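Enquirer: Have a look at this one before I ask anything.
The values are calculated or read from the model by the stated rules, or taken from the named source; none is laboratory data. Since this is a predicted model, take the numbers as computed values, not measurements. All Cβ positions, glycine included, derive from the backbone under ideal geometry; neighbour counts span all protein chains shown. With ligands, DNA and RNA removed, areas are computed over all heavy atoms of the protein, side chains included. Shrake-Rupley method; radii C 1.70, N 1.55, O 1.52, S 1.80 Å.
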Amino acid sequence: VGNVSFMGTLLIILIGHAVTIPTAMAIAEIATNQKVEGGGEYYIISRSFGLVIGSAIGLALFASQAISVAFYIIAFAEAFTSLFEWIRATYELPPVVQWLLDRKQTVSVPALFVLTAIVLTRGADLGVKMLYVVVVTLFLSLAAFFIGQTDYARSQPFDPLLHIGNYDLPGEAPLPFFLVFAIIFPAFTGMTAGVGLSGNLRAPSRSIPLGTLAGTLSGMVVYVFIAYKLARSASPEDLVDTSHLVMADIAWQGWWIIPTGLAAATVSSALGSLLVAPRTLQAIARDQLFPSTRFNYWVSRGRAENDEPFNATLITLLIALFFILLGELDFVAELISMFFMVTYGTLCLISFLNHFAADPAYRPTFRSRWYLSLFGAIACFGLMFVMNAGYAFLALVLMVLIYVIVSRVNPEKKNLAAIFQGVIFQFSRQLQVFLQKAEKEQIASWRPSAVCISGSSFQRLAAFDLLRWISQRYGFGTYIHKIDGYLSLSTNQEARAAKERLIQMAEASKSNVYIDTLISPSYTSAIAQVIQLPGISGTENNLLLLEFSRHQPGNLPDIVDNFKLIRSIDFDVAILGASERGYGLKKSIHIWITSHDYDNANLMILLSYIIIGHREWANAQIKIFALFREENLEEERNRLLMLVAAGQLPIARQNVDVQLHPMEVDARTIISEKSSDADLLLVGIRDEAVRHEGAAVFQGYDSCGNILFVHAAGRKNIK
């Protein structure tokens with residue numbers, strides 16, 4: 001109040017509770033949907049985002065809880081300041097005793113050991129029972145404070161904007177607003193103690209929402225009245241004077257009742273943190289997230305019927321002792337605030353994502369609002385950097401470091417959290433429905449939405465590779481592995497195993513291909529089903545990719561027999577003739593165009609351009625060969641050059657080779673001679689040729705590598 005005035009303090013209280021109220025509601029919501037076991041907030045986060053991410057936040061949470069013990073114990077020592085001043089003024093003391101009385105550690109260190117001894121020997125039950133005495137003491141202290149009167153209040157009008165900056169105090173200056181906020185924020189964090197003790201509650205789903213919300217709201221009301229009383233009853237000079245307890249000057253019988261109340265308040269907070277922090281650490285150890293198995297076992301061990309975390313409490317004691325000896329209250333408070341902000345922001349984010357995911361299994365009896373949870377998450381992460389960008393960055397770096405270490409130690413626990421899968425599903429569902437309902441605009445440019453079917457996925461990878469190159473950046477690909485037979489238990493199991501293998505292949509190759517399987521008794525029925533599949537990318541499938549082995553073309557007759565069926569729905573068709581040479585060095589792509597299949601030219605050029613956009617073809621060049629009769633030769637050359645230039649394609653003029661096609665020479669002979677070293681060859685095919693010549697259309701290229709036979713349903717625009 002002395003630094004930022006009553007109105008500034010009121011704003012701090014409102015901002016603080018703008019963070020804690022959404023968090024309290026999020027906790028209440030999550031706790032009424034699932035059983036919250038030991039570890040409280042860590043348990044909720046780890047079961048929502050996964051153990052590895054949960055451990056990174058959980059360890060930061062444990063650190064903040066353990067440091068909170070030191071924070072409150074240091075504040076507990078403040079209650080003895082007036083007593084020590086009276087002793088020094090009354091008695092002549094030796095220098096050693098004087099030195100001890102000047103140190104807060106004289107009280108805080110013994111207090112820490114006594115409090116820890118009580119927790120270790122009596123457990124959480126006695127700690128909770130002590131809080132009843134604390135509540136009574138606090139109530140009496142607050143009552144005495146509110147009924148107290150001062151001469152300042154009688155003589156001065158109330159000014160809610162009175163600020164220390166209006167006074168000329170030597171060596172004093174008002175602290176920045178958000179620094180004051182960071183120091184006071186730990187006073188708003190006690191509402192999560194019930195979640196941390198969730199493993200000891202009889203009915204967590206009822207007690208946590210009631211206690212959390214009641215504690216948050218009642219705390220806010222009390223803070224507002226305390227701030228008003230301080231602003232009304234004391235001058236700014238007295239409020240910022242840390243040498244004495246200003247509340248004691250205001251309260252009735254304040255000389256003894258306010259120090260008693262301060263001691264009770266800080267002991268209760270220290271006790272709450274001392275009960276909660278070890279349970280968080282114990283829960284992390286029970287998830288086997290530390291590098292050492294022995295350490296996990298030692299920390300996770302509990303004692304007595306209530307499974308008291310004895311060893312985890314000892315670790316908490318050591319951390320608290322270190323920060324008590326450090327003795328810097330404001331530094332400790334700022335550090336705690338960062339870790340709490342991350343935890344609260346994460347809890348709000350979990351609530352928001354659960355709202356958005358619309359999981360049928362998420363049925364809390366208490367419901368927050370998605371916009372409150374989203375606001376709470378944004379406010380938490382935003383305020384971190386507003387309060388202290390350096391500490392915020394340090395806190396995030398520490399958590400990322402913890403995440404990297406834990407993920408390397410526990411590679412099997414790198415799981416995607418189900419909550420993200422639910423959100424992605426919901427977003428995808430809504431996007432698909434929107435795209436289907438939206439009025440379709442005629443888009444001039446063509447992009448592939450390809451579907452590939454193959455029964456030889458594990459014998460020949462050529463089609464799978466081609467699909468992943470096509471769908472990497474410019475399009476979308478669906479790969480269907482065909483299994484011969486009828487649907488049964490055995491074929492279904494075979495399909496599942498094949499799908500898992502293909503997904504692993506897709507992950508290993510870092511591809512963007514969607515994987516599925518199809519059980520069908522015939523090639524015709526499989527083709528009929530595949531060409532009717534809905535588009536997964538939001539657009540209808542427009543390109544069918546088939547494949548056969550040029551050395552053992554067992555399925556080539558099936559492709560020829562079903563070509564008319566495929567063409568019945570105006571699909572673009574690409575048929576890959578795979579050779580043992582594969583794709584060679586992935587340095588050159590040759591496109592062959594003849595006067596009979598000029599409609600296929602644009603599609604072949606586009607597919608080549610899309611393929612070289614993949615990193616594996618980064619150093620490849622496209623070369624266009626064209627065979628025309630003598631009377632059309634020059635005209636077609638200029639036409640091709642203009643097409644390449646207008647389409648802004650990465651094809652140099654010298655890589656466009658227009659040749660004379662003699663009447664007596666078969667085009668396949670010329671192609672085989674010129675493109676025997678090409679890593680991928682694209683050749684156009686026509687309906688009439690397939691209908692009259694059958695499988696012979698795809699033969700006669702013996703010296704070439706992989707060949708992609710292309711048939712376009714219509715001319716494509718490449719400009």
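Enquirer: Being open to solvent by 30 Å² or more (accessible area, probe 1.4 Å) and in contact with a Gly (Cβ under 9 Å, 6 or more places away or on another chain), is that true of even one residue in segment 677-692?
Expert: Checked segment 677-692: at least one residue is open to solvent by 30 Å² or more (accessible area, probe 1.4 Å) and in contact with a Gly (Cβ under 9 Å, 6 or more places away or on another chain).
Enquirer: Going residue by residue through segment 519-528, is there one that turns out to be surrounded by fewer than 19 Cβ atoms within 10 Å (Cβ to Cβ), farther than 28 Å from residue 473 by Cα, of a type in the set (Ser, Thr, Tyr) and in contact with an Asp or Glu (Cβ under 9 Å, 6 or more places away or on another chain)?
Expert: Yes, because at least one residue in segment 519-528 is surrounded by fewer than 19 Cβ atoms within 10 Å (Cβ to Cβ), farther than 28 Å from residue 473 by Cα, of a type in the set (Ser, Thr, Tyr) and in contact with an Asp or Glu (Cβ under 9 Å, 6 or more places away or on another chain).
A quick yes/no check of all residues on (1) at pLDDT below 85; (2) open to solvent by 60 Å² or more (accessible area, probe 1.4 Å); (3) within 18 Å of residue 695 (Cβ to Cβ):
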residue: 542; (1), (2), (3): no, no, no
residue: 549; (1), (2), (3): no, no, yes
residue: 555; (1), (2), (3): no, no, yes
residue: 578; (1), (2), (3): no, no, yes
residue: 593; (1), (2), (3): no, no, no
residue: 599; (1), (2), (3): yes, yes, no
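Enquirer: Mind checking whether some residue in segment 492-500 is more than 18 Å from residue 544 (Cα to Cα), in contact (Cβ under 8 Å) with a residue 40 or more places away in the chain and open to solvent by less than 20 Å² (accessible area, probe 1.4 Å)?
Expert: Yes, some residue in segment 492-500 is more than 18 Å from residue 544 (Cα to Cα), in contact (Cβ under 8 Å) with a residue 40 or more places away in the chain and open to solvent by less than 20 Å² (accessible area, probe 1.4 Å).
Enquirer: I'd like the full set of residues that are open to solvent by 10 Å² or more (accessible area, probe 1.4 Å), over 12 Å from residue 527 (Cβ atoms) and of a type in the set (Asp, Glu), limited to segment 557-576.
Expert: Scanning segment 557-576 gives a single hit, 570.
Enquirer: Are any residues in segment 607-623 in contact (Cβ under 8 Å) with a residue 12 or more places away in the chain, hydrophobic (A, V, I, L, M, F, W, C) and open to solvent by 20 Å² or more (accessible area, probe 1.4 Å), and if so, which ones?
Expert: 612
Enquirer: Ok, one more. Name, by its number, the condition in (1) touching a residue at least 40 places away in the same chain (Cβ under 8 Å); (2) over 24 Å from residue 397 (Cα atoms) that does not hold for residue 34.
Expert: For residue 34, the exception is condition (1).
Enquirer: So residue 315 passes all but one of these: (1) modelled with pLDDT under 90; (2) in a helix (DSSP H, G or I); (3) not polar (S, T, N, Q). Which condition number does it fail?
Expert: The failed condition is (1).
Enquirer: Let me ask something else about it. From (1) in a helix (DSSP H, G or I); (2) closer than 16 Å to residue 602 by Cα, pick out the condition that doesn't hold for residue 669.
Expert: (2)
Enquirer: Search segment 127-159 for residues being crowded, with 17+ Cβ neighbours inside 10 Å and outside any helix (DSSP H, G or I), and hand back the single one that is modelled with the lowest pLDDT.
Expert: For segment 127-159, the residue satisfying everything is 150.
Enquirer: Condition first: under 13 Å from residue 142 (Cα atoms) and outside any helix (DSSP H, G or I). Now tell me which residues in segment 245-272 satisfy that.
Expert: Within segment 245-272, 251, 252, 253 meet the criteria.
Enquirer: Go through segment 82-123 and count every residue that is within 29 Å of residue 275 (Cα to Cα), of a type in the set (Lys, Arg) and either surrounded by fewer than 17 Cβ atoms within 10 Å (Cβ to Cβ) or over 51 Å from the mean Cα position of the chain (by Cα) (or both).
Expert: Final tally of qualifying residues: 2.
Enquirer: For residue 62, are the conditions met, namely being touching a helix residue (DSSP H, G or I) at 6+ places or on another chain (Cβ under 8 Å) and at pLDDT below 85?
Expert: On the way: touching a helix residue (DSSP H, G or I) at 6+ places or on another chain (Cβ under 8 Å): yes; at pLDDT below 85: no.
When the stated conditions are applied, residue 62 does not pass them.
Enquirer: Which residue out of 422, 376, 382 is open to solvent by less than 60 Å² (accessible area, probe 1.4 Å) and either within 17 Å of residue 60 (Cα to Cα) or at pLDDT below 80 (or both)?
Expert: When all the criteria are applied, what remains is 422.
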